[in-house]
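Have a look at the structure below, then the notes.
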């Protein structure tokens, strides 16, 4: 497997998926797996995950990183399948024995995501051409949802028969479903009723809509607070938007920035619910599964693959993407108690197992080598 960064070095959905899938594959019988990405493999040491390798520290130019990864052919000598998780990094699927079966994980349209962050059309077009070049010759593509299967087929002209939809898993051992804290409107700070949003602070994540509807939520539930976890290119404009709200609303919004897993677990325990308000390019939304594993119902939009995470639990948790009024109404109802219980959320999360996901990958690898 080749990825972008290890999750311990650069937290994010793609890196969490890459790290957790690798860990799950190491538990599969009759599979030997190695994985390489940039950054520290774990918070402890680079040797804590058997078969995990690093191309070096984060930083440096994109060209330098791409060259480093492209010319690293050490693991190809033993490999029977190459599974690439980010188009830019990793060697060609060719060694002295000939061509290896190539699997490409499509985590999202890199070029389209860049457009939404304000990159020039020329830059976005160049990224699209790099994607097409690195996808050329792939024997199988893996996507997390039917939505991204359609994006890959329509926008990248990949035949449907070469695309496998394999839902992700969630690490159930990291979270526990604790009871929702009792409301106490006489106190302030962490004991206030918490609505949690864990997202990269990018425009496509829809956090501006969440801030837009927050004053109306607060009118109905004046003891609520909104905690935003994450960083990103839209952070300053989102902070400015929050500060421009009336003083009561502005004071109830907390920008928590980057936090570690221990602190994230604490915030889930303090929260009554979570919100995933994405408006564009959402492949699945692993954070919704993590919320469910922690026993907290996520309100999600109907963007991309997000509905797949809660459809079988409570379809009312899905609101139209970009509709701030609908989002605010559903948060308000949730704070009145109209949402699944922690036990129901946890039970639903348990249907998304990393071991099942890894077994499906293992079967796919075997099919490609026989």
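None of the figures in this text is laboratory data; all of them are computed from the coordinates on show. Values in this document were obtained by computation on a predicted structure and should not be read as measured data. In this analysis, Cβ positions are derived from the backbone assuming ideal geometry, glycine residues included, and neighbour counts consider all displayed protein chains.
Please give the length that would be gained between residue 156 and residue 250 if that part of the chain were fully extended, namely 0.36 nm times their separation in residues minus their C-alpha to C-alpha distance (nm, one decimal).
On the way: separation 94, 0.36 × 94 = 33.84 nm, distance 4.28 nm.
The span from residue 156 to residue 250 would gain 29.6 nm if fully extended.
Per DSSP H run of n ≥ 4, the term is -39500 (n - 2.57); total these for the chain, divide by its residue number, and report the mean residue ellipticity at 222 nm rounded to 500 deg cm²/dmol.
Calculated mean residue ellipticity at 222 nm is -11000 deg cm²/dmol.
If the chain between residue 119 and residue 239 were fully stretched, how many nm would it gain, using 0.36 nm times the residue separation less the Cα-Cα distance?
Answer, rounded to one decimal: 41.0 nm.
From Cα pairs below 8 angstrom and at least 6 apart in sequence, can you work out the relative contact order of the range 215-284, rounded to a whole percent?
Once divided by the residue count of the range 215-284, the mean separation gives 35 percent.
Among 110, 214, 354, which one shows the highest mean-square fluctuation when the chain is modelled as a Gaussian network with alpha-carbon springs under 10 Å?
Top of the fluctuation ranking is 110.
Given springs between every Cα pair under 10 Å in a Gaussian network model of the chain, which of 42, 61, 164 has the largest fluctuation?
Residue with maximal mean-square fluctuation among 42, 61, 164: 61.
Could you tell me how many degrees, from 0 to 90 and to the nearest 10, lie between the Cα long axis of helix 207-220 and the main elongation axis, the longest principal axis, of the Cα atoms of the chain?
For helix 207-220, the angle is close to 20 degrees.
Let me check against my output: what whole-number percent is the relative contact order of the chain, with C-alpha pairs under 8 Å and at least 6 apart? If you can, show how the numbers build up before the last one.
Values: 687 pairs, mean separation 60.0, N = 370.
Relative contact order, the chain: 16 percent.
What shape does the range 172-349 take by its C-alpha gyration tensor, where a ≥ b ≥ c are the square roots of the eigenvalues and a/c under 1.5 counts as rounded, a/b above b/c as prolate, and the rest as oblate? Walk me through the intermediate numbers first.
Numbers: a/c = 1.33, a/b = 1.12, b/c = 1.19.
Rounded, since a/c falls under 1.5.
Where a ≥ b ≥ c are the square roots of the eigenvalues of the C-alpha gyration tensor, would you call the range 269-370 rounded, which needs a/c under 1.5, or, failing that, prolate if a/b is larger than b/c, or oblate? Intermediate results must be reported in sequence, preceding the final value.
Values: a/c = 3.19, a/b = 1.73, b/c = 1.84.
Oblate, because a/c is 1.5 or more while a/b does not exceed b/c.
Computed FRET efficiency, Cβ-Cβ of residue 266 and residue 347, R0 22 Å: what is it to the nearest 0.05?
0.45
GNM, the chain, Cα, under 10 Å: largest mean-square fluctuation among 141, 70, 175?
70
For 23, 83, 219, what's the fewest-to-most ordering of other Cβ within 10 Å of each Cβ?
Taking fewest neighbouring Cβ atoms as first place, the list is 219, 23, 83.
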